[in-house]
Structures are given as structure tokens and as C-alpha cells.
1. Is there a residue in the range 38-49 that is modelled with pLDDT under 80, surrounded by 10 or more Cβ atoms within 10 Å (Cβ to Cβ) and not aliphatic (A, V, I, L, M)?
2. Check off (1) more than 17 Å from the chain's Cα centre (by Cα); (2) in contact (Cβ under 8 Å) with a residue 12 or more places away in the chain for residue 32 and give me the number that stays unchecked.
3. For a quick check of your reading: which helices (runs of 4 or more DSSP H) sit entirely within the range 1-50 and have at least 2 residues that are within 17 Å of residue 71 (Cα to Cα)?
4. Would you tally the residues in the range 1-58 being touching a Phe, Trp or Tyr at 6+ places or on another chain (Cβ under 9 Å) and of a type in the set (Val, Ile, Thr)?
Amino acid sequence: MSSQQEILSDGRFSRIARDPMFWEMPEKERKVKIDKRFRAMFHDKKFKMKYTVDKRGRPVNYSTTENLRKFYALSESDSDLSENDSKEHTEKKRKNKKVQPKREADS
């Protein structure tokens with residue numbers, strides 16, 4: 001930590017502390033806002049992959065949906081709808097599967 005203080009007190013690097021170009025991005029601005037058309041990617045099986053190892057071969061236990069939530073956020077008008085819609089979406093799928101009779105092969 002003392003080395004950082006020395007760097008910031010050095011006249012050559014003093015503008016780093018004041019220049020907004022070097023500030024960290026706020027969390028609200030860091031995530032990409034998506035609208036309701038793309039909210040299915042948070043719960044659709046097509047977007048979910050489960051990893052067992054990371055790119056360096058170390059064992060991990062997470063899926064891509066965690067990464068999606070890390071980098072993407074629903075727009076403000078859709079954020080409260082997304083939680084309810086994901087539950088409703090899974091319930092509708094279950095109901096549709098129960099309602100549709102299984103088709104038998106014509107052989």
C-alpha cells in the first residue's frame with residue numbers, strides 16, 4: 001500500500017488520482033442493459049452450460065447463467081417483471097407438457 005501512496009504523490013503520476021479515465025466504473029454502468037425480448041436467456045436451457053474445470057484446468061462448479069447475471073441486467077422497467085416471468089414461464093412449460101398428448105409413431 002505504501003508503494004501506491006508513493007506513486008500517487010509522485011508529480012509524474014499525480015493526475016491518475018484526479019483523472020476520471022482511471023476511475024473504476026460504477027456497478028450500475030458496468031452491466032449491459034437488455035430489454036424484455038432477451039430475458040429468456042436467464043432461464044432458457046439453450047444458454048446454460050455447466051463447467052467442471054476453468055480455462056486453466058482447475059475444478060470449478062458453476063454455470064454460464066451466473067456469468068450472464070454478472071454481465072447483463074434487465075432494463076429498469078423489466079427488472080421487476082423478470083423475476084415473476086421466469087417463474088410463470090417454467091409453470092407454463094409444465095402445463096403445456098401435461099396438456100399436450102404424446103404422439104405415437106405411425107409404423
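1. no
2. The single condition residue 32 does not satisfy is (1).
3. In the range 1-50, 27-30 are the helices (runs of 4 or more DSSP H) which contain 2 or more residues that are within 17 Å of residue 71 (Cα to Cα).
4. Selection size over the range 1-58: 4.
The values are calculated or read from the model by the stated rules, or taken from the named source; none is laboratory data. Quantities reported herein were computed from a predicted structural model and do not represent experimental measurements. Every residue, glycine among them, receives a Cβ derived from its backbone with ideal geometry; neighbour counts consider all protein chains shown.
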